[in-house]
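Structure record follows, encoded as structure tokens.
The values are calculated or read from the model by the stated rules, or taken from the named source; none is laboratory data. Remember, predicted model here, so these are calculated numbers, not experimental data. Note that we place each Cβ from the backbone using ideal geometry, even for glycine, and neighbour counts take in every protein chain shown. Ligands, DNA and RNA are stripped out before the accessible areas are found, and what is left, the full protein with its side chains, is counted by its heavy atoms. Shrake-Rupley method; radii C 1.70, N 1.55, O 1.52, S 1.80 Å.
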Amino acid sequence: MLGATGDLASRKLYPGLFHLWQAGLMPESFSLICSSRDRTGTTEDFRSLVLKAVKSARGEVDDGALREFAARVRFAAATEQDGDALAHAVRTAANELGPGAESLLYLAVPPSATEAMVRMLGAVGLAEGAKLVLEKPFGTDLQSARQLNAALHEVFDERQIYRIDHFLGKEAVQNILALRFANGLFEPVWNYQHVCYVQIDVPEEIAIEGRAEFMESTGTFRDMVSTHLFQLLGFVALEPPARLDADSLHHEMVKVFRAIRPLDRNRVVFGQYEGYRDEVGVDRSSVVETFVAMELYVDDWRWVGVPFYLRTGKALAENRRTITLGFREPPLKMFPGDVDDTCNEVVLELTDAPRIYADVRAKVPGPELELGRGRMRIDLVEAFPGSEPLPAYERLLLDVMRGDSTLFTNTQEVELIWALCDPLLNDPPAPEPYQRRSWGPEAALRIPGEHGWRLPDGRHRGGRTGRP
């Protein structure tokens, strides 16, 4: 693991690997080689770091098991110019593990160091037969993405590369595929003939939380939209793959991204929360966006004419990870009176305890034939008592060890998404101010038109329906 002293390693990777090992999902024999630039570090230093990180993340743990896990940790210094100590440590561990030992290289390093680190791994002979895991961003525009991919392919084959997006490791996201393709109830109506809009909504309550340098250099569009939200869109919009394997799924994702209509700048709203420029480390005249809402279209046979609405941002009213499909109304209204003009919706809550809702009209109990709004709910955790979902990073780490790249982004997808986003990012809309704990700028509330943005209780914010 390169970048082994970083925040990601301590918060996610060490606790995740320990949990996988405790669950019996790791190989029986393995060695965890931690690498950083610090040549004064020792193996004991890193064993202490791992112990502290696991205890901090997981609370009460079996101390004996944790010490046994930490005993497998080794340290080797490495820089972009010198990876000899790391190469020696890896080869020594491989010899000790015996025939069949495989290498997994995790680059938890700043984006600016990625290309140089990749070349170093190639120069010291660690790339051959190894699996390489990369963290986003996968470039900041089309040119940088192509440059990064070219550097990767000088050293690694595409099948060795795992570009990790933790959103795709969530149980609820994978359930999109199960909901669509394993149920005759949904797949026949998952198209323009029955669906009139799709919303992908990922607002966040937190502000930048001390990450001014990252936000100032990246912005919310690059951080969230060109990565997580586009991948979610791909899962919602793709055609049924020939089989559920990596090649088939990526083939269909590529087709979706090729079919997206060029982004219309007039249907995109950037925002910046009030007080952002007062955050420590932020330029006092910053025009970086902390909020994005947009409308786009997938011009293929399944989705022609259906608007997809994407929204995400910082310092908003609630944390949400929601996909909503609005369904077309019956052609004839035959019941006396009506509830409101809000259409039926299927809602996927992409939380750690995933739920699926269907909002429908039903008869109100009583002597009159009166309609009301009802909700059907499927709680996927309660539906499978005794089952325990793996956290996203753990699921994806396990997939890498198994050699399964189904839930990882490939080169073609990355470059197609940047080709879509570049024209907008080269001429972005000016960010509009919005209050903390709101739902974003007023202009963004109007993006979905008459339907508005769905709220957790089934109301809609903006448009003409359910405006609070």
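So, in segment 366-402, exactly how many residues are in a loop (DSSP other than H, G, I, E, B) and surrounded by 13 or more Cβ atoms within 10 Å (Cβ to Cβ)?
Residues in segment 366-402 being in a loop (DSSP other than H, G, I, E, B) and surrounded by 13 or more Cβ atoms within 10 Å (Cβ to Cβ): 6 in total.
I need every pair where a residue in segment 236-251 that is touching a residue at least 12 places away in the same chain (Cβ under 8 Å) has its Cβ under 6 Å from the Cβ of a residue that is assigned to a loop (DSSP other than H, G, I, E, B) and surrounded by 13 or more Cβ atoms within 10 Å (Cβ to Cβ), sequence separation at least 6 or different chains.
ALA237/TRP303; ALA246/SER405; ALA246/THR406; LEU249/PRO241; LEU249/THR406; HIS250/ASN410
Tally time: how many residues in segment 31-60 are open to solvent by less than 30 Å² (accessible area, probe 1.4 Å) and not in a helix (DSSP H, G or I)?
Qualifying residue count for the region: 6.
Which of the residues spanning segment 1-59 are touching a residue at least 40 places away in the same chain (Cβ under 8 Å) and hydroxyl-bearing (Ser, Thr, Tyr)?
Those that are touching a residue at least 40 places away in the same chain (Cβ under 8 Å) and hydroxyl-bearing (Ser, Thr, Tyr): THR5, SER10, TYR14, SER29, SER31, SER35, SER36, SER56.
Would you mind finding the one in SER405, SER438, SER387 that is closer than 30 Å to ARG11 by Cβ and touching a Phe, Trp or Tyr at 6+ places or on another chain (Cβ under 7 Å)?
SER405
Which one is farthest from VAL173 (Cα to Cα) among residues in segment 309-333 that are open to solvent by 10 Å² or more (accessible area, probe 1.4 Å) and in a strand (DSSP E or B)?
Among them, the one singled out is PHE327.
Being out of contact with any Leu (no Cβ under 9 Å at 6 or more places or on another chain), farther than 16 Å from MET215 by Cα and assigned to a strand (DSSP E or B) is the filter here, so list the residues in segment 271-308 that pass it.
TYR297
Listed residues VAL268, VAL288, VAL280, VAL298; which is surrounded by fewer than 12 Cβ atoms within 10 Å (Cβ to Cβ) and in contact (Cβ under 8 Å) with a residue 24 or more places away in the chain?
VAL280
Which numbered condition in (1) over 27 Å from GLY129 (Cα atoms); (2) among the charged types (D, E, K, R); (3) modelled with pLDDT of 95 or more is the only one that ARG91 fails?
Only one criterion is unmet by ARG91, namely (1).
Would segment 194-205 turn up any residue that is in contact with a Phe, Trp or Tyr (Cβ under 8 Å, 6 or more places away or on another chain), closer than 15 Å to GLY313 by Cα and assigned to a loop (DSSP other than H, G, I, E, B)?
So far as segment 194-205 goes, no, none of its residues is in contact with a Phe, Trp or Tyr (Cβ under 8 Å, 6 or more places away or on another chain), closer than 15 Å to GLY313 by Cα and assigned to a loop (DSSP other than H, G, I, E, B).
Output the residue which, of all residues in segment 107-132 that are open to solvent by less than 30 Å² (accessible area, probe 1.4 Å) and not in a loop (DSSP other than H, G, I, E, B), is nearest to CYS34 (Cα to Cα).
LEU107
Kindly list the number of the only condition in (1) in contact with a strand residue (DSSP E or B) (Cβ under 8 Å, 6 or more places away or on another chain); (2) of a type outside the set (Asp, Glu); (3) at pLDDT below 95 that fails for ALA383.
Just one mismatch for ALA383, condition (1).
Pick from segment 133-154 the residues that are charged (D, E, K, R) and part of a helix (DSSP H, G or I): which of them is surrounded by the fewest Cβ atoms within 10 Å (Cβ to Cβ)?
Among those residues, the one meeting the criterion is GLU154.
State yes or no: is ALA89 within 18 Å of THR42 (Cβ to Cβ), aliphatic (A, V, I, L, M), in a strand (DSSP E or B) and open to solvent by less than 40 Å² (accessible area, probe 1.4 Å)?
no
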